[in-house]
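**Student:** So that we are looking at the same thing, I have put the structure below in C-alpha cells.
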Amino acid sequence: MKIESIANETRPPETPSSVNRVVSRFTTGLSLLLFAFLSLCYVKQYDACAAVTVYPSWCWFLCGFFLALVIHRTSSKRAALLTLGLWLLFLIGFADTPLSLVRGSSVSVQSPAGLRVISLNCSGSTRSLRALKPSQPDLILIQESPGTENLKSIAAELFGEEGDILSGVDTALTTRGKIERIASTGYYVIGKVRLSTDQEVGVVSLRLSPPPFRFDLWNPDCWRAFRNHRIKQREEIVALSKVLQDLPSDLPLIVGGDFNANPRDAIFAELPAALHDSFSSAGSGWGNTITNEVPFLRIDQIWINELFQPLRVVSEAAVETDHRAVIADLIFE
C-alpha cells in the first residue's frame, strides 16, 4: 500500500497541453460532424429536419464560430482558421440571396410605366397600412387584415375613387383599379385586378400557418412539431397551386405575402414552375422582414411569373407591426 501511495504521489500530473489536445480534438470532431449534418439538412430539406432548417444559416454559423474560438484557445491558430473557413463556406452557401447586399442600398425607385406592389403583414393595424401612402403603391397585399370596413376607408384614402378592395378571412387586397374575386380560403385570397390602364393581373395575398415557437431542440417533440408544420404548409401551397394552374397562362401573376418560412424551405418547390422570387433577381439591400426592429429572416416575399420583370425589390420598416414591408417595382414584359 505504501509503495502504491508513493507511486501515486510521484506520478506527474496531467499537463495542460494534454487536456488542450483532448478538448481540441473533441471540438474539431464535433464541428465537422455538425457541419456535415447541417449541410445535409439544408441541401436535402428533409421534413424530419425542419426544426434545423427553419433557422437562417447565420444562426448555425455563430455556433461554428464559437467552436472555432474553442479550437483557437486549445490548439493552433491554423486549425481554428480552417474551421472558421469551413463555416464561412456554410454561411455563404446557404445564405438567402447574398447578392442583394452588393446591389446597393434599400432606396426604391419607381418607373412611370410600371407597377408598385407592396406586401405587408399589418398585424391588424390600420395605421400601418395608412403609413404606406408616401410609398405611392398601386397594389397592396395585406395579411392579418384589419377587416372589410377599415379596408374600405383605407382604399379611399390611398387611392381615392379609383380604389377597390378584396377582403378574405385573414388576407386582403387593395388597389387602384377594380378587383374580381377568384377564390378565397382561410389563408389566402385570389383576385383578378383590372388596373386603371385596363391591364389585368392575377394577384394572391397569402399567410401560411405560422411555425411553432420552440427552441428545445433536445426534445424529440420539438422536432415532430416542426415536421408536422412543414407538412401542413406544403399542403397549403399544393392546394393554392392547383387553383393557380387553372388561371390563363398569359395572365401576369403576383403571389405574395407572409410565407412564415425560411426562403430556402422545401415548400417553395410546390409553387408553379412559372413563378420566381422577385427578390432573388432584383432584391436590394437587407431584405429580411421579421422582426421589424431586428430583421433576421425574410419570411415576407413577392413571387411573379415571367410576364413581369422586377426593377427593384426592397424591404422597408413599417409601423405598428412586427413585419417589414416588401416593396417591388415591376414592369410588364
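The values are calculated or read from the model by the stated rules, or taken from the named source; none is laboratory data. Only a predicted model underlies this, so the values are computations on that prediction, with no experimental measurement involved. Cβ: placed from backbone, ideal geometry, glycine included. Neighbour counts: every protein chain shown. For accessibility, only protein heavy atoms count, side chains too; no ligands or nucleic acids. Shrake-Rupley method; radii C 1.70, N 1.55, O 1.52, S 1.80 Å.
**Student:** Considering the stretch 237-251 alone, what residues qualify as being aliphatic (A, V, I, L, M) and either farther than 15 Å from Gly191 by Cα or assigned to a loop (DSSP other than H, G, I, E, B) (or both)?
**Tutor:** Listed by number, the residues that qualify are Ile237, Val238, Ala239, Leu247, Leu251.
**Student:** Can you tell me which residue among Ile182, Ile237 is more than 30 Å from Glu157 (Cα to Cα) and modelled with pLDDT of 95 or more?
**Tutor:** The match here is Ile237.
**Student:** Taking only pairs six or more apart or across chains, which ones have beta-carbon atoms under 7 Å, a first residue in the stretch 270-288 that is more than 20 Å from Asp322 (Cα to Cα), and a second residue that is part of a strand (DSSP E or B) and small (Gly, Ala, Ser)?
**Tutor:** Close Cβ pairs satisfying both conditions: Ser278/Ala328.
**Student:** Among the residues of the stretch 187-213, which ones are open to solvent by less than 10 Å² (accessible area, probe 1.4 Å), more than 16 Å from the chain's Cα centre (by Cα) and aliphatic (A, V, I, L, M)?
**Tutor:** Matches in the stretch 187-213: Val189, Ile190, Val193, Val201, Val203, Val204.
**Student:** Related question: Looking at Leu173 and the list (1) touching a Gly at 6+ places or on another chain (Cβ under 9 Å); (2) in a loop (DSSP other than H, G, I, E, B), which single condition is not satisfied?
**Tutor:** All conditions are met except number (2).
**Student:** Are any of the residues in the stretch 275-282 open to solvent by 50 Å² or more (accessible area, probe 1.4 Å) and in a loop (DSSP other than H, G, I, E, B)?
**Tutor:** No; the residues of the stretch 275-282 include none that is open to solvent by 50 Å² or more (accessible area, probe 1.4 Å) and in a loop (DSSP other than H, G, I, E, B).
**Student:** From (1) within 20 Å of the chain's Cα centre (by Cα); (2) within 23 Å of Leu217 (Cα to Cα); (3) open to solvent by 50 Å² or more (accessible area, probe 1.4 Å); (4) not aliphatic (A, V, I, L, M), pick out the condition that doesn't hold for Cys63.
**Tutor:** Only one criterion in (1) within 20 Å of the chain's Cα centre (by Cα); (2) within 23 Å of Leu217 (Cα to Cα); (3) open to solvent by 50 Å² or more (accessible area, probe 1.4 Å); (4) not aliphatic (A, V, I, L, M) is unmet by Cys63, namely (1).
**Student:** Taking the criterion of being part of a strand (DSSP E or B) and in contact with a Gly (Cβ under 6 Å, 6 or more places away or on another chain), would at least one residue in the stretch 149-163 satisfy it?
**Tutor:** no
**Student:** Within the stretch 140-159, take every residue that is under 20 Å from Ala317 (Cβ atoms) and either in contact (Cβ under 8 Å) with a residue 60 or more places away in the chain or aliphatic (A, V, I, L, M) (or both) and give me the one that is surrounded by the fewest Cβ atoms within 10 Å (Cβ to Cβ).
**Tutor:** Within the stretch 140-159, the match that is surrounded by the fewest Cβ atoms within 10 Å (Cβ to Cβ) is Glu144.
**Student:** Do we find that Asn228 is part of a loop (DSSP other than H, G, I, E, B) and of a type outside the set (Val, Ile, Thr) in this structure?
**Tutor:** Taking the combined requirement at face value, the residue does not satisfy it.
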